[in-house]
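Beneath this line is the structure, given in structure tokens, with notes to follow.
The values are calculated or read from the model by the stated rules, or taken from the named source; none is laboratory data. The structure presented is a predicted model; accordingly, all values stated were derived computationally and were not measured. Here the Cβ positions follow ideal geometry from the backbone for every residue, glycine too, while neighbour counts run over all protein chains shown.
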Amino acid sequence: MKRYLFVIVALFLSLTIYAQDWIYVDETDDMTFYVSPSVRKTNSNYVAHEKCVPKNLIAERERLVNSMEDTNFYRYAYYIVTELVDIDIYRLKSLSFVYYDDNGDVIDSWNCKDDDWHYSKPGTIIESFCKSVEYLVNGDKTPSYTLPKTTMKPVKRKYNNPLKNKVVTKGKYIKK
């Protein structure tokens, strides 16, 4: 009996650990963005998953219910975008969106068949996401870093290594 209980607890813990495997990328006034460390190569590009968590959940739910005309979005907690990323010139294309509630159940999803490439500008979320994917691909698969915090507006920066003085500890970044 103890053996079965141990197996069940070990299985539960492994699923919980896997579910929390997101790396902080950046944030705006409205959203916090994460990347999954499981990036895969397709031809010359990479497929990556981006998790977007709203900071003001009530306002975001109202906005979605009004724009989508679907009351299921009152249960919305976050969404995950599957992106096709070109790390050579920092551009990405959205492939699909999946909206989840607090329990991780799917509320809605759709594929983006006709989405165009979105090119990054300095200091944008697209740049931060592309750089994160680039470091996941070229570096360690379980990195302990994050990119500098940016805004949605382009900003001038002076640095050689964006990851030099910052590391991630359980989803939060601290100075080295």
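Out of all the residues in the stretch 64-76, is one or more buried (at least 18 other Cβ atoms within 10 Å of the Cβ) and under 30 Å from residue 136 (Cα atoms)? Looking for residues that are buried (at least 18 other Cβ atoms within 10 Å of the Cβ) and under 30 Å from residue 136 (Cα atoms), one finds at least one in the stretch 64-76, hence yes. For the stretch 119-136, the tally of residues that are in contact with a Pro (Cβ under 9 Å, 6 or more places away or on another chain), farther than 17 Å from residue 31 by Cβ, part of a helix (DSSP H, G or I) and of a type outside the set (Lys, Arg) stands at 2. Going through (1) more than 20 Å from residue 127 (Cα to Cα); (2) within 14 Å of the chain's Cα centre (by Cα) one by one, residue 73 falls short only on (2).
Within the stretch 35-87, the residues that satisfy the criterion of being acidic (Asp, Glu) and out of contact with any Asp or Glu (no Cβ under 9 Å at 6 or more places or on another chain) are 62, 69, 86. In the set (1) modelled with pLDDT under 90; (2) buried (at least 17 other Cβ atoms within 10 Å of the Cβ); (3) farther than 22 Å from residue 110 by Cβ, the condition left unmet by residue 3 is number (2).
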